[in-house]
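Reading through the structure tokens given below for one structure.
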Amino acid sequence: MNLEDIAGVAHQPGGTPSGVVVLTHGAGGSRESPLLQRVCDEWARRGWLAVRYNLPYRRRRPKGPPSGSAATDRAGIVEAITLCRELADGPLVAGGHSYGGRLTSMVVAAGDTPVDVLTLFSYPVHPPGKPERPRTEHLPDIAVPTVFTHGTSDPFGTPDELGDAAALIPAPTEIVEITGARHDLGSKTVDVPALAVDAALRLLSGTAGSV
């Protein structure tokens, strides 16, 4: 198995990698997401090997929303993490944007695929306009430090709703709030990738604090 099997793209650091980062995209997106590219560039700049990859539904068709079984997409995440763990020594950070991040968190909650830190971008706490349908039932089973990078104007969850969701995780968590940003985490005032990587590195070193 190699990166082609997961439709993965590797961002190489300048020297020996400090560890590996494995990230995937949101619903309707792909590995070519500008956010994923920028985040992987930032990790590589910090000395990590960073891989962005397509979920199985995106490997089957180039456009459109998720199709088929979410279980198949979760199996694709397990495959990607397992492959990327063999690419370099050191810690492994896994996660993704929205749908991809949520499924990665479910894989981690299942407990059979070890990672060192979970990094979630625009976690979909609930569908837009439907707070009565939370997507948080598995969060109490996550046993690894977790970063949430989230826009304060994200329709998939308010800052308070995200805070309540993060509090369900028994491991250390850190929330990186991006003021005014929506679900795509676009910002003209702050460096979103740098803030997210900073938070993940703090969790790895055990010095996490709220942002």
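Scan region 19-48 for residues that are open to solvent by less than 10 Å² (accessible area, probe 1.4 Å) and hydrophobic (A, V, I, L, M, F, W, C) and jot them down. Let's see the steps before the verdict.
Keep residues of region 19-48 that are open to solvent by less than 10 Å² (accessible area, probe 1.4 Å), which gives 19-26, 36, 39-40, 43.
Those that are open to solvent by less than 10 Å² (accessible area, probe 1.4 Å) and hydrophobic (A, V, I, L, M, F, W, C): Val20, Val21, Val22, Leu23, Leu36, Val39, Cys40, Trp43.
Just checking, does region 146-159 include any residue being among the charged types (D, E, K, R), farther than 18 Å from Leu23 by Cα and in contact with a Pro (Cβ under 9 Å, 6 or more places away or on another chain)?
If we filter region 146-159 for residues that are among the charged types (D, E, K, R), which is where we start, we get 154.
When the remaining residues are screened for being farther than 18 Å from Leu23 by Cα, the result is 154.
Still in the list and also in contact with a Pro (Cβ under 9 Å, 6 or more places away or on another chain): 154.
There is at least one residue in region 146-159 that is among the charged types (D, E, K, R), farther than 18 Å from Leu23 by Cα and in contact with a Pro (Cβ under 9 Å, 6 or more places away or on another chain).
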### Message
With the requirement that a residue be at pLDDT 95 or above and open to solvent by 50 Å² or more (accessible area, probe 1.4 Å), what does region 79-89 give you?
### Response
Glu79, Thr82
### Task
Report the residue count in region 90-116 for those that are open to solvent by 40 Å² or more (accessible area, probe 1.4 Å), in a loop (DSSP other than H, G, I, E, B) and closer than 22 Å to Ala27 by Cα.
0
### Message
For the list (1) surrounded by fewer than 22 Cβ atoms within 10 Å (Cβ to Cβ); (2) touching a residue at least 40 places away in the same chain (Cβ under 8 Å); (3) not polar (S, T, N, Q); (4) not in a helix (DSSP H, G or I), I need the number of the one condition that Pro66 fails.
### Response
(2)
### Message
Against the definition (open to solvent by 60 Å² or more (accessible area, probe 1.4 Å) and within 23 Å of Thr189 (Cβ to Cβ)), how does Asp141 come out, yes or no?
### Response
no
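The values are calculated or read from the model by the stated rules, or taken from the named source; none is laboratory data. Here the structure is a predicted model, which means the values were calculated and not measured. Counting neighbours? That spans all protein chains shown, and the Cβs are built from the backbone with ideal geometry, glycine included. Just the protein is used for accessible areas: all its heavy atoms, side chains included, with ligands, DNA and RNA removed. Shrake-Rupley method; radii C 1.70, N 1.55, O 1.52, S 1.80 Å.
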